[in-house]
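Everything on this sheet refers to the single structure shown next.
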Amino acid sequence: MKSAHKKAVLGKVIVYVILILIALIMIIPFLWMLSASIKSDREVFQMNPFVWIPENPKWSN
C-alpha cells in the first residue's frame, strides 16, 4: 500500500510542477506588457541588456 501512496504523491507533485511552469510561461508576456507600458519607445526594443523596470519610467504612456 505504501508504494501506491508514494506513486500517487509523486504523480501529484509532477502535475503541480508542470502547472506552475505553465503558469509562469503564461504570465511572462503580461509582465513584459506592463514593463513596456512605462518605457520609452526606444527602451522597449532594447534587448541588450533587458531591463524590466526602467530608471526613468514614463507614467504618461
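A search for C-beta distances below 9 Å between a residue of the stretch 32-54 that is open to solvent by 100 Å² or more (accessible area, probe 1.4 Å) and any residue that is modelled with pLDDT of 85 or more and among the polar types (S, T, N, Q), counting only pairs 6+ apart in sequence or on different chains, returns 52/35; 53/35.
If only residues of the stretch 1-31 that are under 30 Å from residue 60 (Cα atoms) and open to solvent by 100 Å² or more (accessible area, probe 1.4 Å) are counted, the one that is modelled with the lowest pLDDT is 30. Look at (1) assigned to a helix (DSSP H, G or I); (2) surrounded by 10 or more Cβ atoms within 10 Å (Cβ to Cβ); (3) of a type in the set (Lys, Arg) and you find that residue 58 fails only one, number (1).
The values are calculated or read from the model by the stated rules, or taken from the named source; none is laboratory data. This is a predicted model, so every value here is computed, not measured. Every residue, glycine as well, gets a Cβ built from its backbone with ideal geometry; the counts of neighbours run over all protein chains shown. Just so you know, the surface numbers come from the protein's heavy atoms only, side chains and all, with ligands and any DNA or RNA stripped out. Shrake-Rupley method; radii C 1.70, N 1.55, O 1.52, S 1.80 Å.
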